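Peer 1: Dropping the structure in here first, questions after.
The values are calculated or read from the model by the stated rules, or taken from the named source; none is laboratory data. Because the structure is a prediction, the values reported are computed rather than measured. No Cβ is skipped: glycine too gets one built from the backbone with ideal geometry, and neighbour counts run over all protein chains shown. Please note that ligands, DNA and RNA were not included when accessible areas were found on the heavy atoms of the full protein model with its side chains. Shrake-Rupley method; radii C 1.70, N 1.55, O 1.52, S 1.80 Å.
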Amino acid sequence: MDVKKRRILVVDDDIMQLNMMKNYLREHYNVTAVNSGKSALKFLEGHECDLIFLDFIMPEESGAQVYYKLKANQKTKDIPVVFLTGLNEKKVVVKTLTELKPEGYIIKPASKQDLVEKIISVLG
């Protein structure tokens with residue numbers, strides 16, 4: 001029996017981080033990696049997604065700005081979002097978490113175990 005893999009969208013302006021996360025997750029998940037919020041929103045126009053890992057600090061649009069657009073869109077508003085953040089941004093992220101209510105955050109660089117545990121806790 002072929003079990004459909006869950007689709008994970010990873011959004012980060014750091015190409016090394018994107019590649020690392022894709023390598024960690026691709027064995028068990030369909031992973032799409034994009035390097036901007038604009039690319040993420042464009043991808044979601046034509047594709048379904050089960051979970052989004054979203055970098056908090058990005059040029060052009062911040063993770064919070066992208067998050068607001070996701071939640072304002074009928075098609076994407078129910079997709080769980082987990083922020084990716086550097087340790088030095090933690091205070092800002094925690095403040096934002098209390099306002100935005102995403103499904104949590106992961107400190108970068110994320111370990112494979114952290115990512116998989118977060119996916120399991122969010123998606124079951």
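Peer 1: Quick one: is I79 under 21 Å from S111 (Cα atoms) and of a type outside the set (S, T, Y)?
Peer 2: For I79, the condition - under 21 Å from S111 (Cα atoms) and of a type outside the set (S, T, Y) - is not met.
Peer 1: How many residues does the range 78-119 hold that are open to solvent by 70 Å² or more (accessible area, probe 1.4 Å) and closer than 15 Å to L9 by Cα?
Peer 2: Within the range 78-119, residues that are open to solvent by 70 Å² or more (accessible area, probe 1.4 Å) and closer than 15 Å to L9 by Cα number 2.
Peer 1: Continuing with this model, one more query. Show the residue pairs that are 6+ apart or on different chains and have beta-carbon atoms under 6 Å apart, the first residue being within the range 41-58 and free of Cβ contacts under 8 Å to residues at least 60 places away in the same chain and open to solvent by less than 30 Å² (accessible area, probe 1.4 Å), the second being assigned to a helix (DSSP H, G or I) and small (G, A, S).
Peer 2: L54/G63; D55/G63; F56/G63
Peer 1: While we're here: What helices (runs of 4 or more DSSP H), lying completely within the range 1-106, carry at least 1 residues that are farther than 22 Å from E117 by Cβ and of a type in the set (D, E, K, R)?
Peer 2: Helices (runs of 4 or more DSSP H) meeting the threshold: 37-46, 63-72, 90-100.
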